[in-house]
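*Asks:* This is the structure I want to talk about, given as structure tokens.
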Amino acid sequence: MNWNLIKPYLFPFVFVIIVSFFVFINFKENLFTQSVEMNEYEEVVLAQPASSEDLSMKDETYYVDVKGSVEKPGIYQANSDDRVNDLIKKAGGFSASADVNQVNLAQRVFDEMVIYVPEEGDLEEPNYTDQVTGKTKIRINFASQEEVEQLQGIGPSKASAIIQYREENGPFQTIEDLLNVSGVGEKTLDNMRENIIIP
């Protein structure tokens with residue numbers, strides 16, 4: 001072996017080996033440090049209590065009005081996790097005449113919600129004939145999409161909005177409650193006022 005030929009390359013080779021060793025050691029230390037810092041961060045995050053906002057939302061008290069064919073109609077307290085089924089139970093359950101098929105028991109409740117349980121047959125005769133004027137009035141709380149569209153100034157989109165509002169907020173308590181429906185203004189309400197009845 002000719003050392004004179006090897007000597008010029010020996011020092012650079014050894015130098016590269018040494019540098020690589022220290023780079024490797026430094027890399028492992030950085031990786032370990034990052035891992036420790038990440039674990040500490042996760043522990044801190046997990047240890048943090050729920051914010052006051054989260055707790056207030058979880059503990060928020062609602063008041064729900066349960067009406068219609070239940071054993072004990074009235075206003076009941078609820079929370080954000082309650083469903084319609086929970087409030088029906090608080091009201092003593094359905095009465096014998098209740099039409100349970102018209103109630104969405106899985107719906108989540110909200111503050112000031114009205115849960116109305118109709119009696120069986122309520123949808124069979126949705127209209128009402130005024131004995132004085134002889135005019136047929138629409139029972140807006142039970143009318144179908146097609147029947148609502150028969151009202152003056154009400155097309156498919158407004159009829160759909162009325163049905164949706166009724167399903168989400170419960171039956172209309174007064175005729176003026178229809179003003180809460182998107183697209184229904186004073187003029188529209190005046191046009192159909194004489195042709196609807198509540199309940």
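*Asks:* Write out, first by first residue and then by second, each pair whose Cβ atoms fall under 7 Å of each other, whose residues are 6+ apart or on separate chains, and whose first residue, in region 145-160, is of a type in the set (F, W, Y) while the second is surrounded by 11 or more Cβ atoms within 10 Å (Cβ to Cβ).
*Replies:* Cβ pairs passing all conditions: none.
*Asks:* From the list V70, V117, V66, exactly one residue is more than 22 Å from the chain's Cα centre (by Cα), of a type in the set (A, V, I, L, M) and more than 17 Å from Y165 (Cβ to Cβ). Which is it?
*Replies:* Of the residues listed, the single one that is more than 22 Å from the chain's Cα centre (by Cα), of a type in the set (A, V, I, L, M) and more than 17 Å from Y165 (Cβ to Cβ) is V70.
*Asks:* Let me ask you something else. Quick one: would you say G92 is over 18 Å from the mean Cα position of the chain (by Cα), part of a loop (DSSP other than H, G, I, E, B) and modelled with pLDDT under 85?
*Replies:* When the stated conditions are applied, G92 does not pass them.
*Asks:* Got at least one residue in region 43-63 being exposed (fewer than 10 other Cβ atoms within 10 Å of the Cβ), of a type in the set (V, I, T) and either at pLDDT below 60 or more than 23 Å from G170 (Cβ to Cβ) (or both)?
*Replies:* Scanning region 43-63 turns up at least one residue that is exposed (fewer than 10 other Cβ atoms within 10 Å of the Cβ), of a type in the set (V, I, T) and either at pLDDT below 60 or more than 23 Å from G170 (Cβ to Cβ) (or both).
*Asks:* Give the residue, chosen from A78, A106, that is out of contact with any Asp or Glu (no Cβ under 8 Å at 6 or more places or on another chain), farther than 28 Å from R193 by Cβ, at pLDDT 80 or above and not in a helix (DSSP H, G or I).
*Replies:* Answer to the check: A106.
*Asks:* How about region 142-199: which of its residues are part of a loop (DSSP other than H, G, I, E, B), exposed (fewer than 14 other Cβ atoms within 10 Å of the Cβ) and among the polar types (S, T, N, Q)?
*Replies:* If the condition is that a residue be part of a loop (DSSP other than H, G, I, E, B), exposed (fewer than 14 other Cβ atoms within 10 Å of the Cβ) and among the polar types (S, T, N, Q), then S144, Q152, T174, S182 are the ones that fit.
The values are calculated or read from the model by the stated rules, or taken from the named source; none is laboratory data. Being a predicted model, the structure only gives us computed values, none of them experimental. Neighbour counts run over all protein chains shown; Cβ positions are idealised from the backbone, glycine included.
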